[in-house]
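Report on one structure; see the data block that follows.
FYI, it's all coordinate maths here, none of it is from the lab. Please read these numbers as outputs of a predicted model, since none were measured by experiment. Methodologically, a virtual Cβ is constructed for each residue, glycine included, from the backbone with ideal geometry; neighbour enumeration extends over all protein chains shown.
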Amino acid sequence: MTLAADHRELPVLKERGQHEVFCGLTGIVWLHRKIQNAFFLVVGSRTCAHLIQSAAGVMIFAEPRFATAILEEKDLAGLADANEELDRVVSRLLARRPEIELLFLVGSCPSEVIKLDLSKTAERLSASHPGTRVLSYSGSGIETTFTQGEDACLAAMVRGATGAPTDANELCVVGALPDVVEDQFQRVFERLEIPVRFLPARRDAGATVAPGTRYLLAQPFLTETARALGERGATRIPAPFPFGVEGTRGWLSAGAAAFGVSDERVEAVVAPAEARARKALERMRERLGGKKIFFFPDSQLEVPLARFLHREVGMELTEVGTPYLHREHLDHELPMLPESVRLSEGQDVERQLDRLRADDPDLVVCGLGLANPLEAEGRRTKWSIELVFTPVHGYEQAADLAELFARPLVRAERLAV
Ligand code: SF4
């Protein structure tokens, strides 16, 4: 455990110990809904299949767009050629589902342990199935936490694209957003007369990102994707993340400024939505103001969310833990945190639990694994995973985002009456 200073001298507690988070396979749950011409084939074990199935809930579609190719014991023991098996599974799948234009082979702990090189497999399968682009990335619990799966997937899309280049004069918004949020942002950018496209798109055409493209990150956990975009000659527009009124305004204004649109024009376009969001947040401030909150490191959304909860609804921050603190991507966020906050990066869960008990906050944001024991201790918890399953970006969702944190407190108050 070491203490290091960030650029504004806010100390950061760095920890490298046991951590309790979901693996990157979880991202398939929202990515398969978003990219409608894609299919996600996990190359993994029965445990992986169960995780995906239970995280996705009961499938109501006759033809789901994800599945698990189960590595049997003979594969794991090296007795069978897993590559041959995989070729057979993919051929069967694509014969039955010719509408699949993009197939992801998603690595897992077992496929990593037996050192299955899925990038080579993807290349081979792309060549033998010309109607389908095959890409690969890792969602394994050894390499990824639950939001890093999306990062790995988008980075693979950027690096694996071979189609015609995109238009460098379009703003690119990077990060999977629920369709309703994407539509709202699309309308705002249209009114600002900024041409925009989204990565991932609802139908991916395999277009190559044009050099000179400027992009806004919609999610703070897209480190590898940003690196891949940089390799293609694209540049990030520095901005806060679009959570709450302040974050959304800063994000839109940064995009607008990069495209030569004045802040007065932004003001004219967003004023009604901002006024509605502020009003809705007033009610939330009554419920959440002064309440203490503690974040376990889980989603990498922690810093922007803490900034929003502190500045827009008056919550008191105790510890804000994040699995990885990307200073550059958080360059607009960190200066907005109060001096009193304890920032931590990485995790040593036992030590962190000790600090939690000493802080005794009103609300704890954590993964499912920690939530149950903490509830049993009489603490109120919020599952961090809900934050990526729920539309939370932008003005229209600002109060809904605060509401997610208010709900466990209201429930506790009701039970106490
Ligand atoms: S990838 Fe690893 S951590 Fe994730 S479900 Fe499969 S075995 Fe478990």
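The set of residues in the range 203-218 being loosely packed, with under 14 Cβ neighbours inside 10 Å and either aliphatic (A, V, I, L, M) or part of a strand (DSSP E or B) (or both) consists of Ala205 alone.
Every condition in (1) at positive phi; (2) surrounded by 17 or more Cβ atoms within 10 Å (Cβ to Cβ); (3) without any contact (Cβ under 8 Å) to a residue 60 or more places away in the chain holds for Glu316 except the one numbered (1). Give me the residue from the range 301-326 that is aliphatic (A, V, I, L, M) and assigned to a strand (DSSP E or B) and, out of that set, nearest to Pro338 (Cα to Cα). That would be Leu317. In the range 23-48, of all residues being farther than 18 Å from Phe146 by Cβ and within 16 Å of the ligand (Cβ to nearest atom), the one that is surrounded by the fewest Cβ atoms within 10 Å (Cβ to Cβ) corresponds to Arg46.
Set side by side, the residues Ala306, Ala271 differ, and just one is crowded, with 22+ Cβ neighbours inside 10 Å and either free of Cβ contacts under 8 Å to residues at least 40 places away in the same chain or out of contact with any Phe, Trp or Tyr (no Cβ under 9 Å at 6 or more places or on another chain) (or both), which is Ala306.
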